[in-house]
Amino acid sequence: MADTSQGKTLDDVYGIMSKLAESQAMIAQSQVSLAQSHASLAEGQAALSRDMSELVNVQKEALEAQKEIAHSATESAHSVKESAHSVKEMLDLQKKTNAANAPPPPTMDAGSRLTRTFELLEHILLHDCVAMETVLFAQRVNKCFNATINNSKLLQQKLFFAPVEACPQDPSAFVDGVSNSIAMNPLLTRSSVLERIPLLFDPSTQHLRYIQIEGDKRVRLLPDAPVVHDENN
C-alpha cells in the first residue's frame, strides 16, 4: 500500500512538473512575442521620427521658397516702378521735344484782338456813328460779332430787341409814376412803313404817344381809326 501511494505521489509530482514546464515554455514564447512587439514598436517609432524629420525639412524648404518668391516679387515691383519712371521721363522728354519743334502760335493782329474783346467791340457798336442797320447786319461778320451783339443788353436795346426803360431824370416821360411814352424803332418811322401801319407817330419826340381816355391808357391811331387799348398796360 505504501509503495502504491508513493507511486501516485510521484506521478502527481511528474504531472505538476510537466505542466510547470509547459507553463514556462508558454511564458518564454510570450516573452519572445513581447520582445518582437517591442522591436516592431521601436522600428515604428524610428520610422515616425524619420518621417517627422522629413516633414520638418519639407517645411523649411517651403519657407525658403516663400522667401524667394517674396524677394522676387519685391524685385519685380521695383523693376516695374523703375520702368514706369523711365516711361514718364521718356514722355516728358517727348513732350518737351514736341513743344520745341511745334510751330509758334499764330500772332493775332490788333483788329482781331479788338473784335475778340467783348467790352471793346460792344463799345464801338454802341457809338452813335454806327447805325442800327450796321449793327443788325454785323451779326453776319463772324461768331465773335454775333455773340457780342446777342449777349449785350445795350446792343439788344439799340436794335429794339429788348425793352428800353424811360429815363428817370426826364419828368415828362412819366405820368403818375408810369412811363408816358414808348420808344419807336427808327426803321418803323420810314414813310414806306407808316403807309402800311397806320400808327400815330410824333416826329418831334420820336415816340408813339400815350393818351388818357376814360381813365385808361391807350394808343391812339390815325384820327379816323378807332381807339385801341394797349394790351401791355
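What is the residue count in segment 89-142 for residues that are among the acidic types (Asp, Glu) and touching a Lys or Arg at 6+ places or on another chain (Cβ under 9 Å)? Before the answer, list the steps.
So in segment 89-142, the residues among the acidic types (Asp, Glu) come out as 89, 92, 109, 119, 122, 128, 133.
With the extra rule that they be touching a Lys or Arg at 6+ places or on another chain (Cβ under 9 Å), the set shrinks to none.
Qualifying residue count, segment 89-142: 0.
Tell me the helices (runs of 4 or more DSSP H) entirely within segment 42-157 that contain at least 2 residues that are outside the structural domain of Arg190 (by TED's automatic domain parsing), surrounded by 10 or more Cβ atoms within 10 Å (Cβ to Cβ) and modelled with pLDDT under 85. If you could, list the steps in order and put the result at the bottom.
Numbers: elements: 110-115, 118-125, 132-138, 143-151.
Passing ranges, in order: 110-115.
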Seminar exercise, completed: Scanning segment 158-173 residue by residue, those more than 17 Å from Glu133 (Cα to Cα) and at pLDDT 65 or above turn out to be Pro163, Val164
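The values are calculated or read from the model by the stated rules, or taken from the named source; none is laboratory data. Keep in mind the model is a prediction, meaning the values are calculated, not measured. Positions of Cβ are backbone-derived with ideal geometry, glycine not excepted, and every protein chain shown enters the neighbour counts.
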